[in-house]
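In what follows, a single structure is set out as structure tokens and then discussed.
The values are calculated or read from the model by the stated rules, or taken from the named source; none is laboratory data. Since the model is a prediction, treat every value here as computed from it, not as a measurement. Positions of Cβ are generated from backbone atoms using ideal geometry, with glycine treated the same way; all protein chains shown enter the neighbour counts.
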């Protein structure tokens, strides 16, 4: 749960504003606190669906406005954010393995909500922090440097993702793997929507399932016989068979088994997370019924 820090607008106005800036690619930003004036706040705009921030030698503060290029509610998967139900935008941040020198807040109406405190030890699997923004909101992240006598080894770095198409089965209030609904089999409507909106759609077989205790997830290794779509190179290999892996909550109890499946899901900070995964014959039945009834929301060159 987010720790809420009631900081009034006077706190922000008490810091000297500095020149606003964009990152070179408007997706990511890297800079040094040594170039900032003492007590200044550097204003930065990030205009992409995903990117990264790396603040060396933190001094003063950064205010990062997350501003997708396209209007709210019109931005699709991979195009810069929103588009989910009601235009709600989901934002997730993942700190580096050793986040230090600053604290990260979500700024809303002059109130700062603590997302991430300063880490003092290396964390091989840093926790993902997520929040939602409603239509009309411009999410802003506020990085406040913490005082240290030696800042030479302090780096406040994190990656961010803006999404408006997280399926209802996935919770974004903390970490997407925590949803109680994630283990429920998809119904026909959810299968069809998953085919149309997922970051990856793959036919294949489960080769092995390995637990990842640090994430509370199961890593499912897959031999893909056909890759219909993938947002990034999640499944690689030869022409006939490609290999890849994705994750799902450990409590779902996934085990290796025979049979061909249609795997769908979303990419989350470079990792594939499983959404709907019907047996391929069941998907064929649902797909063909919807196509005959002219109720298929999209076409898939599949069956």
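Quick one: residue 232 ticks every box in (1) in contact with a strand residue (DSSP E or B) (Cβ under 9 Å, 6 or more places away or on another chain); (2) farther than 30 Å from residue 295 by Cα; (3) not in a strand (DSSP E or B) bar one, so which box is it?
Condition (2) is where residue 232 drops out.
Among the listed residues 82, 78, 86, identify the single one that is out of contact with any strand residue (DSSP E or B) (no Cβ under 8 Å at 6 or more places or on another chain), under 23 Å from residue 134 (Cβ atoms) and either modelled with pLDDT under 50 or part of a loop (DSSP other than H, G, I, E, B) (or both).
Just a single option satisfies the conditions, and that option is 78.
Please go through the stretch 28-57 and pick out each residue that is assigned to a loop (DSSP other than H, G, I, E, B) and at pLDDT 90 or above.
28
Which condition from (1) modelled with pLDDT of 85 or more; (2) more than 25 Å from residue 193 (Cβ to Cβ) is the one that residue 92 breaks?
In the conditions (1) modelled with pLDDT of 85 or more; (2) more than 25 Å from residue 193 (Cβ to Cβ), residue 92 misses (2) alone.
Hey, does the stretch 182-192 have a residue that's closer than 23 Å to residue 94 by Cβ and modelled with pLDDT under 90?
Checked the stretch 182-192: at least one residue is closer than 23 Å to residue 94 by Cβ and modelled with pLDDT under 90.
Given the options 254, 209, 219, name the one that is touching a residue at least 24 places away in the same chain (Cβ under 8 Å) and not in a strand (DSSP E or B).
Exactly one residue qualifies, and that residue is 254.
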